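Below: the structure, in structure tokens.
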Amino acid sequence: MSPIKNKHLLVLHHVVVVLLFLTQTCGGQHQMIGPTQPVVAMIGDDIILPCHLEPAVDAVDLTVDWSRTDLKPRSVYVRREGVELLTEQNPLYTGRTSLSVNKLQCGDVSLKLSTVQLSDAGTYKCLVPKFNAETVVTLAVGSVSSPVIELTNVKNEMVLECKSNGWYPEPQMLWVYSEGKPITVEPTKNVRGSDGLYAVSSKVTVEKGQSYSFTCKVQQKNISQIKETHIHVSGDLFMVQSNTAVHITINLAVCLISVGTAVILIWKCGQKKTEISKQDEDENEPHQTEMEEKLQREREEKKRLEDELQNKEEDFEHVRQTIEKLMEQKTSLKNQRTKLNTLLQEDHTGMKEVMKKEKETPKLDKEKKKNKLVDKKTDLEKRIKVHDELLKMTEKLMEETENIIIQMTERKGKLEIDKEQIIKHLRKKQEDIEEIKKKLSEKQARNNEQQRTE
């Protein structure tokens, strides 16, 4: 063999060795990159579980396996040589998982999970067997709701109870209040319902005659969620005139608080306005990427409408409860007014008798009996004054309560209309989503058929 041929063979040998080395080295360098922190989602959300190959490589025709080892079957989503293997999928994920073909071309094998459920919480494994590359993604699922403060009158105290339902994971509740005021805080109660969600509540007892500013906070640090509500209780609302000669108790404090709460609630509800946005018109032949983006927008809009509906339902329930309490207050005030009118009538009758006795008292006993009559007359005058003031206050509260009931009833009717409108738009939105999903499925089927043909 000539020296030139030997030289060429030697060079070729080195080239082959180098190529083999580079191929093995590059293959070994592929790794799966996932998030370092848990992905947090609320119940009903559509979310992405991030996972991509580094360096990027076209993964359209590769096998991609998403799984959870704590499930049987373990498969969450499997794509093999460009085809989804739905027969191996766990039924919990039927119709809720997908990968983006466009992103697969860039090595992005992130899993899209729609309509997140409480059972979706857990650790997911993302695997591309060809490169023996895998990573894990932890999904934390949460649920929250706004707290509500209810007030109850108990003798010389007022009990404020903060409640919030529909939380996950188990939340914490705490009170923030003005300093220097004597209060009693009962231990927080956390109860898990059959749906797996927590209902949390806590009570605070305060003395009447004091002014308080309270904030009830509910928080869940694992999902970084905080909800709170505020209330101010004025000491003036508890001040009712009293006299040793007056043996009557009137529950005006609760009435005033209920009226005040209703006014605040009306203001709060008035700030919330339903915004129903119009849908974008579908293009005749949209690209798959555009259709996926449109589907995402539609789902986001649906989620916004669902949140709006939940807010309206919460407001509706608050209004309904407030109307019930106000109707009870109205009945109580009517009874108090009747009682006060009876007492005033007795006072005036007693005053007439005293004045009559003053004229009929004999001269011999006049001085001694006169002193007794003066004391009795003074006592009756005080009773008449107090009863008269209480009657005026009661009538004023009755008038204010009636006005608030009218306003709250109107608000309740408006909320019912708003709820019906949102529900109608939600139905239409769901129809649009199903239509887009159908088009995407048909387009995917055509793409798969085209790939097989090629």
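Taken together, the values in this text are just the output of simple stated rules run on the coordinates, not laboratory data. What you are looking at is a predicted structure, and each value in this text was computed from that prediction instead of being measured. Methodologically, a virtual Cβ is constructed for each residue, glycine included, from the backbone with ideal geometry; neighbour enumeration extends over all protein chains shown.
Things worth noting here:
- Once the chain from GLN117 to ASN156 is taken as fully extended at 0.36 nm per residue, the excess over their C-alpha distance is 9.4 nm.
- Packing-based order for 31-42, 319-330, using average beta carbon neighbours within 10 Å, highest first: 319-330, 31-42
- Packing-based exposure ordering (other Cβ within 10 Å, fewest first) of SER119, SER114: SER119, SER114
- Paramagnetic reach from GLU170 in segment 131-145 [backbone N under 14 Å; point 7 Å along Cα→Cβ]: none
- Between ASN102 and GLN345, the FRET efficiency estimated from the beta carbon spacing at R0 = 60 angstrom works out to 0.10.
- Within segment 48-84: backbone nitrogen closer than 14 Å to the GLN296 label point (7 Å, Cα to C-beta): 48-51
- This ranking places HIS52, HIS348 by how few other beta-carbon atoms lie within 10 Å of each, fewest first, which gives HIS348, HIS52.
- Computed from label points 7 Å out along Cα-Cβ, the spacing between ALA56 and LYS221 is 3.9 nm.
- Listed residue pairs exceeding 28 Å between alpha carbons, taken from LYS112/LYS439; LYS163/LYS303; LYS155/LYS352; LYS103/LYS439; LYS312/LYS429: LYS155/LYS352
- Residues LEU86, LEU53 in ascending order of nearby Cβ atoms (within 10 Å, fewest first): LEU86, LEU53.
- Partners for LYS412 among aspartates and glutamates (Cα-Cα distance below 13 Å; same-chain residues under 8 apart left out): GLU313, GLU314, ASP315, GLU317, GLU324, GLU420
- Residue-wise HN-Hα coupling along segment 92-108, computed from phi with Karplus coefficients 6.51, -1.76, 1.60 (Hz; x: Gly, Pro): 4, 10, 4, x, 10, 10, 6, 10, 8, 4, 4, 6, 4, 4, 9, x, 8
- Reduced Cα scattering model of segment 31-142, Debye log10 I(q)/I(0), q = 0.10, 0.16 Å⁻¹: -0.25, -0.66
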